[in-house]
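> Got a structure for you, written out below as structure tokens; questions coming shortly.
Quick note: the coordinates plus some simple rules give every number you see, no bench work behind them. These numbers were taken from a predicted model, which means no experiment stands behind them. Cβ sites come from the backbone with ideal geometry, for glycine too, and all protein chains shown count toward neighbours.
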Amino acid sequence: MRKVTFPHVGESYRTFKMLLNDLGNEVILPPRPSRRTLNLGVQHVPEFACLPLKILMGTYLETLERGANVIVTSGGVGPCRAGLYAEVHKKVLHDMGYQVEMIVFEPPRLHPINFIRNVHKLNPARLSIKAIIECIKRAWRKLQALDNVEKATHVIRPKEIRQGDTSRTYKKVLEWIDSAYTMDEIVEAEKAALEELHNIPQDPERMILKVGIVGEIYVLLEPASNLEIEEMLGNMGVEVERSMFLTGWTRDNTWKETVQGMTVKEAAEPYLPELIGGHGRDSIGNTVLYAKRNFDGVIQLAPFTCIPEIVARTILTSVSKDYNIPVLTFFLDEQTGKAGMATRLEAFVDLMKRKKTKIKQNKLLPASSF
Amino acid sequence: MTHIGIPSSLFYYVYFPMWKVFFEELKNVKVVTSGETTREILDKGVSEALADACVPVKVFFGHVLTLRNKVDYLFIPRIVCLNRKTVYCPKFLGLPDMIRYGLSDMPPIIDVRIDTRKMRSAVYRAFNTVGQILQAKKQNILRAYLKARLAQFKFKRLLRRGWQPPEAMAAVLNGRKSNLPADPPGQLRFAVVGYPYIIHDRYISVDVINKLRRMGVSVVTSDNPPPLALRMQRYDCGKILFWTFSDRTLRAAHYFAKQGKVDGIIHLTAFGCGPDSIVDRFIQYNSSSHHIPFMSLSIDEHSGEAGVSTRLEAFVDMVRRKKGEKMNA
Ligand code: SF4
Ligand code: SF4
């Protein structure tokens with residue numbers, strides 16, 4: 001019997017489980033990455049491989065233990081290492097003696113045949129094309145619902161009166177969305193979830209700092225890999241806005257006005273005119289945009305040895321100076337600890353607070369005036 | 001007189017003859033290099049570059065800093081793609097920007113972009129742009145370009161004959177001719193593979209090549225195989241690697257393994273290098289399937305003479321013993 005598994009990326013597994021089930025597959029859920037996952041991964045991939053590669057390796061090994069024998073993942077054409085992950089994993093797993101099938105999705109626009117063939121492989125229920133499209137649409141909507149709810153927690157957590165309310169409610173409402181199946185149910189569940197979150201008692205008077213989060217996609221999307229930094233920040237009274245979600249980038253109306261519809265690419269252009277792979281250029285462009293929107297600071301998250309983010313970090317020194325916006329970078333690896341991260345975050349929050357107070361007293365110009 | 005600074009690192013080991021000849025052929029231009037890597041250069045780079053950057057990029061920062069107050073322009077082209085297939089490591093793509101925005105008080109940087117996927121004549125166009133920046137005449141630029149190409153051709157010919165880049169460079173640019181000594185029969189022969197800016201930088205590689213030579217091992221490197229043979233060399237990792245130098249290293253390792261004319265393969269990798277983690281794994285798989293002794297040697301800013309020598313000696317001894325056993329059997 002074929003048992004299918006896939007990488008764990010935040011809460012998205014809820015969607016992929018539904019989609020794969022719809023197509024008639026038995027699914028082995030990937031566990032949330034833990035210390036053990038990482039330790040397993042580290043043993044089997046090269047030392048300087050980037051963190052996502054290690055975590056995924058560990059996740060695969062954990063799901064294989066539970067009987068999975070088909071892995072669905074994405075390829076990509078780089079130019080970064082992520083495009084080669086699947087090949088490395090395949091080699092290592094086969095070397096260890098696992099008989100596992102890897103189904104690697106390449107970007108459908110560049111490899112339409114690969115896409116169709118892969119979908120066919122994952123469709124033992126032999127649904128019609130129309131039915132498949134319907135399933136994908138529903139899955140996409142669910143993904144959006146998950147993202148929207150997560151975004152709401154970012155805004156509400158820093159204002160909550162009783163600490164922990166938001167996280168608790170979030171856990172609860174995730175299950176509502178999880179169990180929604182039809183399109184109507186998903187929309188309904190999303191609405192209910194958002195309402196429930198907004199009903200959390202909040203303190204509107206609190207001074208809230210706004211921080212943009214930029215960096216490499218995997219560590220941005222998987223809280224387990226960044227030590228739940230967004231939750232930590234929320235508890236320190238910081239509202240975060242993450243520059244990346246699975247369903248796309250934040251399209252807030254507010255920034256259209258303040259940033260004159262400037263795209264991320266345009267914002268990065270003066271500093272880095274070249275597409276360097278990964279999300280290096282986005283990190284720079286988003287930092288510029290956050291500065292223009294008067295954010296109090298930016299945090300960059302990247303795996304240790306991540307090439308594009310190292311380039312970005314080097315250049316961000318200048319962006320930070322030019323726009324007078326503090327930027328804090330975390331290069332994450334298996335040694336990064338929560339305590340150390342908390343200390344650095346506290347110092348960063350203090351710095352932003354002092355700056356904000358000065359701006360309020362008109363002693364300092366806000367970032368957007370640069 | 002305009003002084004053009006060319007840092008002796010990264011692309012230096014691959015394109016310096018061409019660049020030098022081109023610039024010096026233009027009137028009133030003088031090329032200034034930063035010379036071989038030294039402790040001082042490395043220290044400077046380490047203190048100014050991002051701690052998480054790879055060693056070669058730190059070294060490059062050090063070289064650039066050495067040139068900071070000595071030149072009118074820095075020449076750091078943005079080389080994206082030269083073979084219409086693979087691109088350079090993201091750090092190369094962002095190199096001029098990293099220098100411009102990561103270091104202060106830099107002289108103007110000439111950072112022409114070269115990407116042959118868009119246009120076959122991209123290289124000539126790039127040189128043309130550079131010439132115009134320096135206000136040279138059209139004919140002058142063309143002549144300089146042709147001469148530069150010729151120098152590069154000679155340089156590559158020497159590489160194919162088994163010279164290593166520093167030696168070949170000296171021969172082409174200074175006319176210093178010396179013949180390579182022929183290998184005595186029965187001598188061990190190693191392939192050293194890796195990025196040219198690591199294996200030929202005598203300081204950061206802890207002079208591995210000459211160390212091996214002194215131990216009585218003749219050395220070929222990934223810069224020696226004929227380019228065409230390399231291009232035809234296949235490797236099996238499902239996909240081709242995206243980055244030129246990584247792709248080339250992997251191809252060279254496969255080429256040497258398949259030819260079977262070397263007794264061992266050493267992969268020099270840099271601490272903190274992203275692509276290398278993957279390249280190294282693939283080379284390792286391939287060498288073991290060809291039953292060729294393989295060693296991977298990681299170089300960092302603190303790699304000590306002693307440690308490297310010990311590991312090299314142990315490896316050479318092991319290979320020698322194995323070879324002896326095989327001959328006796
Ligand atoms: S972007 Fe960074 S983490 Fe992703 S593959 Fe590239 S080096 Fe690794
Ligand atoms: S290939 Fe490796 S060593 Fe070379 S610049 Fe890129 S990361 Fe650094």
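> Averaged over B:98-104, how many beta carbons belonging to a partner chain fall within 10 Å of each residue's beta carbon?
6
> Follow-up. Would you kindly calculate the translational diffusion coefficient of region A:96-251, applying Stokes-Einstein with the Kirkwood radius from alpha carbon pairs, for 37 °C and a viscosity of 0.692 mPa s, and quote it in µm² s⁻¹ without decimals?
Working: Rh = 18.0 Å.
It comes out at roughly 183 µm²/s.
> GluC sites (Glu not before Pro) within region B:28-103: which are DSSP loop residues with at most 16 other Cβ atoms inside 10 Å?
Answer in residue order: B:Glu36.
> Follow-up. With 27 Å as the limit, write out which pairs from A:Lys91/B:Lys326; A:Lys3/A:Lys142; A:Lys172/A:Lys353 have Cα-Cα distances beyond it, or answer none.
From the list (A:Lys91/B:Lys326; A:Lys3/A:Lys142; A:Lys172/A:Lys353), the Cα-Cα distance tops 27 Å for A:Lys91/B:Lys326; A:Lys172/A:Lys353.
> Under 13 Å Cα-Cα from A:Lys159, which aspartates and glutamates qualify once same-chain neighbours fewer than 8 residues away are excluded?
Those aspartates and glutamates meeting the cut-off are A:Asp203, A:Glu205, A:Glu231, A:Glu239.
> Using only Cα atoms, figure out Rg for chain B and give it as a multiple of 2.2 N^0.38 Å.
1.01
> Rounded to the nearest whole Å³, what is the per residue volume of the convex hull around the Cα atoms of region B:2-171? Write out the running numbers ahead of the final one.
On the way: hull volume 20.2 nm³, N = 170.
So the per-residue hull volume is 119 Å³.
> For region A:11-89, take the alpha-carbon Rg, divide it by the Kirkwood Rh, and send me Rg/Rh.
Radius of gyration over Kirkwood radius for region A:11-89 works out to 0.98.
> Ignoring everything except DSSP H segments at least 4 long, calculate the 222 nm mean residue ellipticity for chain B; use -39,500 (n - 2.57) per segment, divide by total residues, nearest 500.
-15500 deg cm²/dmol
> May I pose another question? Would you give the gap between the C-alpha center of region A:1-53 and the C-alpha center of region B:78-103, rounded to a whole Å?
Each part's Cα centre sits 33 Å from the other's.
> Could you name the aspartates and glutamates whose alpha carbon sits less than 12 Å from that of A:Lys321, not counting residues in the same chain fewer than 8 places away?
The qualifying aspartates and glutamates are none; the list is empty.
> Put +1 on the Cβ of each Lys and Arg and -1 on the Cβ of each Asp and Glu in region B:237-286; which of B:Tyr255, B:Tyr285, B:His267 then has its Cα farthest toward the positive end of the dipole?
So the residue we want is B:Tyr255.
> Under 10 °C and 1.306 mPa s, how fast does the protein assembly as shown diffuse according to Stokes-Einstein, given a Kirkwood radius computed over C-alpha pairs? Answer in µm²/s, whole number.
Reported coefficient: 57 µm²/s.
> Still on this structure, please answer the following. Determine which lysines satisfy two conditions relative to B:Lys30: a Cα distance under 27 Å, and not lying fewer than 8 residues away in the same chain.
Hits, sequence-local ones excluded: B:Lys20, B:Lys44, B:Lys58, B:Lys70, B:Lys137, B:Lys138, B:Lys147, B:Lys154, B:Lys156, B:Lys177.
> Kindly provide the pair-distance distribution of chain A built from C-alpha pairs, with 20 Å bins from 0 and whole-percent values in order of increasing distance.
27, 59, 15, 0
> Continuing with this model, one more query. Can you run the Rg to Rh ratio on region A:269-351? Use alpha carbon positions and the Kirkwood inverse-distance Rh.
Here the Rg-to-Rh quotient is 0.97.
> Right, here's the next one. With axes computed from alpha carbons, what is the tilt in degrees of helix A:112-121 against the longest principal axis of chain A, rounded to the nearest 10 within 0 to 90?
60 degrees
> Next question. Ignore the peptide's own chain and count Cβ atoms of other chains within 10 Å of each Cβ in A:44-56; give me the average, rounded.
Taking the mean over all residues of the peptide, I get 3.
> Grab the beta carbon distance between B:Arg161 and B:Tyr203, set R0 = 30 Å, and tell me the FRET efficiency rounded to 0.05.
According to the calculation, E is roughly 0.70.
> For chain B, what's the relative contact order in percent, using C-alpha pairs closer than 8 Å and at least 6 residues apart?
RCO, chain B: 17 percent.
> Shifting gears a bit: Which one of A:Ala49, A:Thr63, B:Pro108 is farthest out on the positive end of the charge dipole of the protein assembly as shown, using unit charges on Cβ (Lys, Arg +1; Asp, Glu -1) and the Cα centre as origin?
Towards the positive end, the residue furthest out is B:Pro108.
> Relative to the present Cα-Cα distance, how much length would full extension add between A:Met96 and A:Ile133 at 0.36 nm per residue of separation?
9.6 nm
> Taking N as the number of residues in region B:186-328, what is its Cα Rg relative to 2.2 N^0.38 Å?
For region B:186-328, the normalised Cα radius of gyration comes out at 1.00.
> Of A:Ser34, B:Phe190, B:Trp163, whose Cα points farthest to the positive end of the dipole of the protein assembly as shown (charges on the beta-carbon: +1 Lys, Arg; -1 Asp, Glu; origin at the Cα centre)?
Looking along the dipole axis, the top candidate is B:Trp163.
> In addition: How many percent of Cα pairs in region A:150-211 exceed 20 Å?
Looking at region A:150-211, the distances longer than 20 Å represent 30 percent of pairs.
> In debye to the nearest 20, how big a dipole does the protein assembly as shown give about its Cα centre with +1 on each Lys and Arg Cβ and -1 on each Asp and Glu Cβ?
Using only the charged Cβ atoms, the result is roughly 2860 debye.
> Taking the Cα centre of region B:185-329 as origin and charging only Cβ (+1 Lys, Arg; -1 Asp, Glu), how large is the dipole, in debye to the nearest 20?
Values: 19 positive and 14 negative charges, 136 e Å.
Dipole about the Cα centre, nearest 20: 660 debye.
> With axes computed from alpha carbons, what is the tilt in degrees of helix B:165-174 against the longest principal axis of chain B, rounded to the nearest 10 within 0 to 90?
Result, in degrees: 40.
> Work out the mean other chain Cβ neighbour count within 10 Å for the residues of B:73-80 and drop it here as an integer.
Rounded to a whole number, the mean comes out at 1.
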